[in-house]
1. Hey, any hits in the range A:26-33 for a residue that's farther than 27 Å from B:Q6 by Cα, more than 14 Å from chain B (Cβ to nearest Cβ) and out of contact with any Leu (no Cβ under 9 Å at 6 or more places or on another chain)?
2. In the list B:L45, B:L110, which residue meets the criterion of being open to solvent by less than 50 Å² (accessible area, probe 1.4 Å), more than 14 Å from chain A (Cβ to nearest Cβ) and assigned to a strand (DSSP E or B)?
3. Kindly check whether there is at least one residue in the range B:75-96 that is open to solvent by 70 Å² or more (accessible area, probe 1.4 Å), touching a strand residue (DSSP E or B) at 6+ places or on another chain (Cβ under 6 Å), within 9 Å of chain A (Cβ to nearest Cβ) and modelled with pLDDT under 95.
4. If only one of A:R41, A:R49 is within 14 Å of another protein chain (Cβ to nearest Cβ), modelled with pLDDT under 95 and within 16 Å of B:Q37 (Cα to Cα), which one is it?
5. Considering each residue of the range B:48-63, count those that are over 25 Å from A:C87 (Cα atoms), touching a strand residue (DSSP E or B) at 6+ places or on another chain (Cβ under 9 Å) and more than 14 Å from chain A (Cβ to nearest Cβ), and give that number.
6. Name the residue that is nearest to the other protein chains (Cβ to nearest Cβ), counting only residues in the range A:60-89 that are crowded, with 19+ Cβ neighbours inside 10 Å and either out of contact with any Phe, Trp or Tyr (no Cβ under 7 Å at 6 or more places or on another chain) or more than 30 Å from B:A30 (Cα to Cα) (or both).
7. B:L32: open to solvent by less than 10 Å² (accessible area, probe 1.4 Å) and within 12 Å of another protein chain (Cβ to nearest Cβ), yes or no?
8. Assess whether B:S66 counts as being assigned to a strand (DSSP E or B) and within 13 Å of chain A (Cβ to nearest Cβ).
Amino acid sequence: AQRVTQPEKLLSVFKGAPVELKCNYSYSGSPELFWYVQYSRQRLQLLLRHISRESIKGFTADLNKGETSFHLKKPFAQEEDSAMYYCALTNWGKLQFGAGTQVVVTP
Amino acid sequence: EAGVAQSPRYKIIEKRQSVAFWCNPISGHATLYWYQQILGQGPKLLIQFQNNGVVDDSQLPKDRFSAERLKGVDSTLKIQPAKLEDSAVYLCASSLTGDTEAFFGQGTRLTVV
């Protein structure tokens, strides 16, 4: 069965420090992976997807099929990055989410 | 911009009562999802529609939950009777197809007392 694991419930970092959110998955085929973000009082929205291989708001994520990971990284955290982050994968259109990581960036 | 609309935003009911949620997806989106998000957990897929047909409802508690998407546009999710453990945020999302970006509504926060 497919599964998305985010081992950290809470990540607290200082402004300007690097931040890395871990995501591991289990899936037998070739998954499509995403990071979704939810800022305070806003709706859940797509941050980035692995097939686009782009950097959004300074965040990047690389799919590592060998380690079945899709970690999200940003070299210098900003206060506006404080939010809830969800890793997700899609299997034949069925979008499945991890439990989420709360990121708190302190000045 | 026109996004996914959900109503109501909040609902408080007593256990054993019934409740219904409504979702209007983005125009032209064939795929519609209903998710349940319990506090402290990630969204859990309840049901997925492709147009007006059900693609996946394997995690829908069918003894009390039902959903429909008449005419392949709007959708309603109903709970009857509600239990305390149904307290959660119910999210609706839509996408052009199942493999494109999903756009989420603001959700309905249900409290069962």
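The values are calculated or read from the model by the stated rules, or taken from the named source; none is laboratory data. These figures come from a predicted structure and were not determined experimentally. Positions of Cβ are backbone-derived with ideal geometry, glycine not excepted, and every protein chain shown enters the neighbour counts. Quick note on the areas: whole protein, heavy atoms, side chains included, nothing else; ligands and nucleic acids left out. Shrake-Rupley method; radii C 1.70, N 1.55, O 1.52, S 1.80 Å.
1. Yes, the range A:26-33 has at least one match.
2. Numbers: B:L45 fails: more than 14 Å from chain A (Cβ to nearest Cβ).
Testing whether each residue is open to solvent by less than 50 Å² (accessible area, probe 1.4 Å), more than 14 Å from chain A (Cβ to nearest Cβ) and assigned to a strand (DSSP E or B) leaves just B:L110.
3. Taking the range B:75-96 first, the residues open to solvent by 70 Å² or more (accessible area, probe 1.4 Å) are B:78, B:80, B:83-85, B:96.
Imposing the further condition that a residue be touching a strand residue (DSSP E or B) at 6+ places or on another chain (Cβ under 6 Å) reduces the set to B:78, B:84.
Now narrow it down to the ones that are within 9 Å of chain A (Cβ to nearest Cβ): none.
No: the range B:75-96 contains no residue that is open to solvent by 70 Å² or more (accessible area, probe 1.4 Å), touching a strand residue (DSSP E or B) at 6+ places or on another chain (Cβ under 6 Å), within 9 Å of chain A (Cβ to nearest Cβ) and modelled with pLDDT under 95.
4. Numbers: A:R49 fails: within 16 Å of B:Q37 (Cα to Cα).
Exactly one of A:R41, A:R49 is within 14 Å of another protein chain (Cβ to nearest Cβ), modelled with pLDDT under 95 and within 16 Å of B:Q37 (Cα to Cα), namely A:R41.
5. Step one: of the range B:48-63, the residues over 25 Å from A:C87 (Cα atoms) are B:51-53, B:62-63.
Checking which are touching a strand residue (DSSP E or B) at 6+ places or on another chain (Cβ under 9 Å) leaves us with B:51-52.
Imposing the further condition that a residue be more than 14 Å from chain A (Cβ to nearest Cβ) reduces the set to B:52.
Number satisfying all stated conditions: 1.
6. Here the answer is A:D81.
7. Working: open to solvent by less than 10 Å² (accessible area, probe 1.4 Å): yes; within 12 Å of another protein chain (Cβ to nearest Cβ): yes.
Spelling it out, B:L32 is indeed open to solvent by less than 10 Å² (accessible area, probe 1.4 Å) and within 12 Å of another protein chain (Cβ to nearest Cβ).
8. On the way: assigned to a strand (DSSP E or B): yes; within 13 Å of chain A (Cβ to nearest Cβ): no.
The answer is no for B:S66.
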